[in-house]
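Everything below concerns the one structure shown next.
The values are calculated or read from the model by the stated rules, or taken from the named source; none is laboratory data. Computed from a predicted model, the values in this text were never measured in an experiment. So basically every Cβ, Gly included, is an ideal-geometry build from the backbone, and we count neighbours across all protein chains shown. The protein model used for the area step is the full one, side chains on, heavy atoms only, and it has no ligands, DNA or RNA in it. Shrake-Rupley method; radii C 1.70, N 1.55, O 1.52, S 1.80 Å.
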Amino acid sequence: MNHVLYHFKRTSTTKTALGKAKVYEKLTRWEKLFLLSSLISFAAVLGLTIQRLAVLPTSSSNFTFSLVLLLNILFCLYYAFNGVFREREFELYAFIAAAVIVLFYVIIEFIVHPKQRNGYKIARLAVICVLAPVDIGLCWKSAQEFGWLEFNIVGATEALQMAYRTVCRFSALLNFDLQLQFSLIILIVSNFTQLSTLEKVVIGLGIGISVIMFIVGQLAVQTESVYMVAIFAVLSVCEPGYIVYKFVKIIIFLSYGVVPAGGSALILDISIFVVGTFALIVRTALIIVMNQAYRNFNKGLKNKSFGCCTVDSSLAPTKNRH
């Protein structure tokens with residue numbers, strides 16, 4: 001009997017570079033439908049966006065916004081597959097947020113530029129408006145049924161389950177934070193020739209800091225390293241400082257008429273304000289959740305979550321823990 005249970009556990013999950021994940025056969029009907037729907041919809045929009053980028057001049061605002069759209073589509077696909085196979089509930093919520101961003105961008109861009117409407121934009125609008133709501137509904141349904149893999153990893157101890165969910169929440173916020181940082185960088189460097197030398201250096205350093213902070217954040221919660229938490233805390237204040245500086249600079253330029261009160265330049269500045277505001281909110285939430293994760297260090301989660309799991313998965317619930 002023990003041999004059968006052990007075989008079931010081994011064949012129901014697999015070890016990946018990111019951690020333990022479910023095998024495809026273990027996915028529920030809703031999860032399979034969600035993955036299929038999101039793959040079809042975002043792959044279609046991705047193909048249309050790449051085709052559009054190939055013909056747009058790199059200096060146009062449409063090229064910039066298409067790059068931002070491309071980035072968000074890639075993150076959506078990552079959230080969908082990583083969230084389902086690793087039962088990362090909060091990554092599916094990040095998928096919903098990213099899908100809403102893509103949906104709003106496509107609709108607003110179609111409305112704001114009536115003279116630039118063409119077959120490509122109509123096709124993109126039709127695909128995303130029809131399939132995105134379906135994706136979001138299936139995503140929400142899939143997230144509500146999670147719980148099996150969490151039990152398989154940390155067991156039935158409520159304290160460990162809460163600690164594990166905190167780490168999952170932190171990981172999802174860290175991914176979403178990186179997504180917003182890169183989106184903001186694309187918007188800012190679209191006017192690269194108009195940036196001062198100091199700003200160019202700051203942005204160059206900012207890209208490196210963003211990647212380092214992402215890696216340090218992931219390693220900090222996995223290894224429960226206090227030193228890495230300290231490094232993460234120091235790096236986490238860099239981007240907010242630059243965003244506030246950029247906000248002040250744009251307000252001053254608009255006040256003195258340096259930026260025209262219309263056209264692509266104004267739309268770009270508004271986009272920087274919107275993305276920057278979301279980035280500040282997410283960064284604040286990220287720091288708060290990191291503090292919560294830090295408080296759970298040395299309580300046994302590291303060995304359970306990232307070490308060898310010995311929990312009998314045959315006893316795990318198949319429905320959501322809530």
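Values for this structure:
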{"quantity": "Extension gain, Ala230 back to Ile203 (0.36 nm per residue minus Cα-Cα distance, nm)", "calculated": "7.4 nm"}
{"quantity": "Cβ-derived FRET efficiency at R0 30 Å, Lys32 paired with Leu74, nearest 0.05", "calculated": "0.90"}
{"quantity": "Simple spin-label estimate for Gln51 and Ser196 in nanometres, 7 Å along Cα-Cβ", "calculated": "4.5 nm"}
{"quantity": "Cα centroid of segment 24-93 to Cα centroid of segment 99-153, whole Å", "calculated": "9 Å"}
{"quantity": "Members of Lys20/Lys302; Lys141/Lys302; Lys22/Lys299 lying beyond 19 Å, as alpha-carbon distances in this model show", "calculated": "Lys141/Lys302; Lys22/Lys299"}
{"quantity": "Reach of Lys246 by Cα under 16 Å, taken over aspartates and glutamates that are not fewer than 8 positions away in the same chain", "calculated": "Glu199, Asp269"}
{"quantity": "List Val189, Val244, ordered by accessible area with a 1.4 Å probe, largest first", "calculated": "Val244, Val189"}
{"quantity": "Under 11 Å, Cβ to Cβ, from Asp177 - net charge with Lys/Arg +1 and Asp/Glu -1", "calculated": "0"}
{"quantity": "Segment 179-301, accessible surface, carbon-and-sulfur percent (1.4 angstrom probe)", "calculated": "74 percent"}
{"quantity": "Total formal charge among the other residues, if their Cβ is under 13 angstrom from that of Leu280, Lys/Arg +1 and Asp/Glu -1", "calculated": "0"}
{"quantity": "Other-chain or far-sequence residues with amide H under 5 Å of Thr13's (modelled H)", "calculated": "Val23"}
{"quantity": "Estimated inter-spin distance, Leu266 and Glu25, nm [label 7 Å along Cα→Cβ]", "calculated": "6.1 nm"}
